[in-house]
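The structure under discussion appears below in the form of structure tokens.
The values are calculated or read from the model by the stated rules, or taken from the named source; none is laboratory data. Every value quoted in this text rests on a predicted model; they were computed, and no experiment measured them. We place every Cβ from the backbone using ideal geometry, glycine too, and count neighbours over all the protein chains shown.
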Amino acid sequence: MKCDPYLNVDPGTMSPIEHGEVFVTVDGGETDLDLGHYERFLNKNLTKGSSLTSGKVYQEIIEKERAGHFEGKTVQVIPHVTNLIKEKIYEVAKGYDLLIVEVGGSVGDIESLAYTESIRQIKFELKNNAAIIHVGYVPYIKVSKELKTKPMQRSISLLRSLGVAPDFLVTRSEIELSDREIEKIGMFANVQTDNIFQSVDASSIYSIPLVLKDQKFDDKVSELLNIGKKDSNHVELKKFNDNLSNLEKEVNIAIVGKYVDNMDSYISIIEALKHASINNKIKLNFKLINARKDYDVDELSKYDGILVPGGFGSSGVEGKLKAIKYARENNVPFLGICYGMQLVALEFANNVLNLDVKHGELEPKAKNKIIDIMSDMKDKVIGGTMRLGNYECSITEGTLAHSIYKELSILERHRHRYEFNNKYEEPLKNGGLIASGKHPETGLVEILENKNNDFFIAVQFHPELSSKITNPNKLFVGFIKASAK
Ligand code: GLN
């Protein structure tokens, strides 16, 4: 579970440039991108409840206050806000042996104080059924070649002054700390040195669980919680890490998107590309091409595959359409996601069929819209009202989509407000762009594929969100294999 101290109810309304990607859970929660990391590392799907924000907490508190729930009492951060935070945490833990709760931000942030206080109370209530793990940064000053333990000492003393005494420490650093430095931190923090673990920069993030396991982090935590040794050999993760040093082929992918200033904006897509390539012993090279810039289309000839991701608004649309046209005309393996699919329909209808059609997000008043706002989305407030989370997609037999998924019914996650206008299905089909996947109940188009090309597929859903490290999404595997070929 991730607790985010900001006041947005969820990150759905935040710009990906500001806050990175918005992750979507199977049950339609728009959450912090850390949930994506949790799902990928745990190989497990989480739900809405695993993402808590101060916005959510205060929204509920104020609604309850207006409904007279507090019966004349003064509503306060302690106990009302902290009680609600604890309630939410206990609720998510129900039915599980262990819940890991991460509090975002840094110790001492004004916004996170209510969470720190809730954590203090939970430790008081649960005693050794809860463990406090403090992750601290230990900067390395390159010019003088020294590690500075002071910031970590400061954050520990701040934490202790708030009544929270860590049971375990994890140091985040560029290089390894010496025994002397670990002892210094331990003494200061009142934590024995064998309860301090090091998370030193690694060549791959996927090795980190193994690095911590080597230091017996899992044993130590299990010991304190008295839950017995739950040994895991991480066979699959080890195999994945072994593959990393035994890559046989290379593939070059261009991602043509507009949120290029923050690498976290496309984190799930980048991770899904890695899962698909590394599991197939292929080295992934990728480049983010700024769709907002008038890039030279010939630049795309350097890549084996082109991906156009999701997005919102009009900026960058020209650059994306240019990439779609290039992939279509040059038979370059192509994967379009969400907005990427909508723009595939637009590009094909206008450039191949000369239909002169529009996208409703770009021209809401146009008559001939090939992509239009879903009827139940009109006039809704912005936050949390899109078509979100898992929806079924029925796949047509014998299509490219079928050969990729090898199933006739799949579930994938969504986050969109606009949809394909089925009036245009027939003309597109006659030109070779077929709707090979649809939502069974509404007929909403979920997959478009171009029969004239070897691998040209675009989807209304977000396949990147369900991809796991050792269980890559099939569509990404298909795309990577086609590109490598
Ligand atoms: N802006 C488009 C829509 O709302 C696409 C959304 C997306 O790419 N996630 O339908």
Subset tally (residues that are small (G, A, S), at pLDDT 95 or above and farther than 16 Å from Y266 by Cβ) for region 1-43: 2
Test: residue in region 427-435 that is touching a residue at least 40 places away in the same chain (Cβ under 8 Å), within 15 Å of the ligand (Cβ to nearest atom) and assigned to a strand (DSSP E or B): no
Failed criterion for F312 (all others in (1) within 16 Å of the ligand (Cβ to nearest atom); (2) part of a loop (DSSP other than H, G, I, E, B); (3) closer than 24 Å to K293 by Cβ; (4) more than 22 Å from the chain's Cα centre (by Cα) hold): (4)
Failed condition for G108, given (1) closer than 23 Å to F188 by Cβ; (2) at pLDDT below 95; (3) under 25 Å from the mean Cα position of the chain (by Cα): (3)
Complete set of residues in region 335-356 that are away from the ligand (no atom under 16 Å from the Cβ) and either in contact with a Gly (Cβ under 8 Å, 6 or more places away or on another chain) or assigned to a loop (DSSP other than H, G, I, E, B) (or both): F348, V352, L353, N354, L355, D356
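Starting from residues that are surrounded by 21 or more Cβ atoms within 10 Å (Cβ to Cβ) and farther than 21 Å from E419 by Cβ, keep the ones in region 299-309 and report whichever is nearest to the ligand (Cβ to nearest atom).
L307
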Filter result for E441 (farther than 30 Å from S301 by Cβ, away from the ligand (no atom under 16 Å from the Cβ) and in a loop (DSSP other than H, G, I, E, B)): yes
Residue check for V332: of a type outside the set (D, E, K, R), more than 16 Å from the ligand (Cβ to nearest atom), assigned to a loop (DSSP other than H, G, I, E, B) and surrounded by 20 or more Cβ atoms within 10 Å (Cβ to Cβ): yes
Residue in region 460-479 that is within 20 Å of L353 (Cβ to Cβ) and not in a loop (DSSP other than H, G, I, E, B) present: no
Any hit, region 11-27, residues being under 14 Å from the mean Cα position of the chain (by Cα), over 19 Å from L113 (Cα atoms), free of Cβ contacts under 8 Å to residues at least 40 places away in the same chain and assigned to a strand (DSSP E or B): no
Odd one out for I382 among (1) of a type in the set (A, V, I, L, M); (2) assigned to a strand (DSSP E or B); (3) touching a residue at least 60 places away in the same chain (Cβ under 8 Å): (2)
